[in-house]
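Novice: Before we start, here is the structure in question, set down as structure tokens.
Please treat every number below as a calculation from the coordinates, not as lab data. Quick caveat, the model's predicted, so the values are computed rather than measured. Glycine gets a Cβ as well: all are built from the backbone with ideal geometry, and neighbour counts include every protein chain shown.
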Amino acid sequence: MSELKNVVIVGASAAGAQVAHQLEKTLPSTHRIVLIEANNFAYWPIGALRASVKAGFENEIFASYDNFFPADSRHIILTGYKVASISAQSVKLDKQAPAPFNSDEIQVDIGVIATGSKYAYPMRPSSQSLEESVESLRKLQKDIEQAKNVVILGAGPVGIEMSGEIRAVYPDKKITIIERGPRILNGFREALHNNLLNQLKKKKIEIKFNTSVEVTDDLQSSAQKLLNEPLKLSLSDGSTIETDFLFIGTGGSPNVSAVPQEALSEATAGVKGSRAPVKRVGVDQGTLRVQYEPLKERWFCLGDASNSNDSKTNIAATAHAPIVASQVVGQAGNTKKGVKQHTKALNAISVPLGPDGGATQVIWPVFGEWVTSLGKGKGLLLNLFTPIYPGGQPLKK
């Protein structure tokens, strides 16, 4: 067994991958990174809604984990391995890892939880297989093309963005959003709500507030696909609506099933203003160190899985990465030199309505279509995705 000490990072999506790359440059030679990821490919959820609608865009949102570390690197990436459980000094995998481990259990000297959130397809890939995931998106594109009456549940970022992506490709398709609350993006400024609502009206996207649909298992099985026969939905206000394509844009939750329940603490799900209380990993707000005593000595947590006081956005996860990397380096080298403390991530949200619309709130000011299009809508931040994965985009080769 190697004498190198293991810095285990659970999750190789953007947050975990950024921590790994920063540690690659600064970690003492006594330690190696062991990056563990359940999927065999990287996926960019920020672009997933456009990839669900616009033919060809699915090629943009997948990346390879090949060459994530140089061939002669001491660091290791394990793809296609799911972490089943996390304990104080080890992680348990769903199957045996290859050499140098030759075991389904890997020792942890320092650990980082970067597991993010669980979302319904297409915000997460439909399969661990690249081929199956790509084909699912292409089928979804065809289903939306054939649909005549689209109903979207939820006026959060996912639901609003999906309506904009569909309208950008299909100017005349009927689109209705159902929102249980009184406004768009509850918890953010009313100016953001008003800006988006005005744009939805101009795009002839109808939105019904203060009403909802009970999401049963049967209803979920009817969602995200073209229906052979129109489905009649009963709304909580007593009205009904028919659809041949139902999109459920709600229900994201932290991906913390591998973490001991005792390490979790109640937080507010998703973005600011969400109603559903959920459990996230309790962390120190400055160091992002896990606070559960058995894990406290060795484990950190960042991004959506943590109960940091930040909104659960890519902006916050990106802000966490250098903090956690510096904390890990400090612990590995037994030094406080260069160790950073987290204060507060930028409170911002940007919600495109297709490539040319949308609204953005940065702290207090709200910006409209031009700023949102330039900052996010046109490219969906692919310029941040591709540099993280040196293996490139397999569907574009």
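Novice: Consider a paramagnetic label point 7 Å from the Cα of R74 along Cα→Cβ; state which residues of the stretch 82-100 have an amide N under 19 Å from it.
Specialist: So the set is 99-100.
Novice: Would you please give the residues with an amide H less than 5 Å from that of F300, counting only those at least 5 places away or on a separate chain, with H modeled from the backbone geometry?
Specialist: Here G111, V112, I113, V290 satisfy the definition.
Novice: Let me ask something additional. Using unit Cβ charges (K, R positive; D, E negative) and no other charged atoms, how large, in debye to the nearest 20, is the dipole of the stretch 73-214 about its Cα centre?
Specialist: Using Cβ point charges on Lys, Arg, Asp and Glu, the stretch 73-214 gives about 700 debye.
Novice: Could you work out how far helix 157-169 tilts from the main Cα principal axis of the chain, as a 0 to 90 degree angle to the nearest 10?
Specialist: Orientation of helix 157-169: about 60 degrees from the principal axis.
Novice: Now for a separate question. Show the residues, 5+ positions off or on another chain, whose built amide H is closer than 5 Å to the amide H of L93.
Specialist: Placed amide hydrogens put A84, E105, I106 under 5 Å from L93.
Novice: Here's another thing I want to ask about it. Counting Lys and Arg as +1 and Asp and Glu as -1, what is the net charge of the other residues whose Cβ lies under 9 Å from the Cβ of Q327?
Specialist: Once all neighbours under 9 Å are counted, the net charge is +2.
Novice: Another one. Based on the alpha-carbon gyration tensor of the stretch 174-287 and its eigenvalue square roots a ≥ b ≥ c, which shape applies: rounded if a/c is under 1.5, prolate if not and a/b is larger than b/c, or oblate?
Specialist: oblate
Novice: Report for the stretch 142-249 the percent antiparallel among DSSP-assigned beta bridges with both residues inside it, nearest 5.
Specialist: 25
Novice: Which value in nm describes the separation of the simple spin-label points at E293 and A191, placed 7 Å from the Cα toward the beta carbon?
Specialist: Between E293 and A191, the label points sit 4.8 nm apart.
Novice: How large is the dipole of the chain about the Cα centre if only Lys and Arg carry +1 and Asp and Glu carry -1, each at its Cβ, rounded to the nearest 20 debye?
Specialist: 960
Novice: Between the stretch 276-354 and the stretch 356-382, what is the C-alpha centre distance in whole Å?
Specialist: 25
Novice: Right, next: Gain in length, D237 to V362, computed as 0.36 nm per residue apart minus the alpha-carbon separation, to one decimal in nm?
Specialist: Taking 0.36 nm per residue and subtracting the Cα distance, the gain is 41.6 nm.
Novice: How much length is gained if the chain between F209 and Q89 is pulled fully straight, taking 0.36 nm per residue apart and subtracting their Cα-Cα distance, in nm to one decimal?
Specialist: Residue separation times 0.36 nm, minus the Cα-Cα distance, leaves 38.3 nm.
Novice: Once both axes come from the Cα atoms, what is the angle between helix 190-202 and the longest principal axis of the chain, in degrees from 0 to 90, rounded to 10?
Specialist: Helix 190-202 sits roughly 50 degrees off the main axis of the chain.
Novice: Further question on the same structure: Pull up the DSSP beta bridges for the stretch 18-177 and report the antiparallel fraction as a percent, rounded to 5.
Specialist: Looking only at bridges with both residues in the stretch 18-177, the antiparallel portion is about 50 percent.
Novice: Next question. Quick one: length gained pulling S265 to E229 fully straight, 0.36 nm per residue minus the C-alpha distance?
Specialist: Here the segment from S265 to E229 would lengthen by 8.6 nm.
Novice: In addition: How far apart, in nanometres, would the label points at D217 and Q146 be if each is projected 7 angstrom from Cα along the Cα-to-Cβ direction?
Specialist: 2.7
Novice: Once every DSSP H run of n ≥ 4 in the chain is given -39500 (n - 2.57) and the sum is divided by its residues, what mean residue ellipticity at 222 nm do you get, rounded to the nearest 500 deg cm²/dmol?
Specialist: Taking each H run of at least 4 residues, the total per residue is -7500 deg cm²/dmol.
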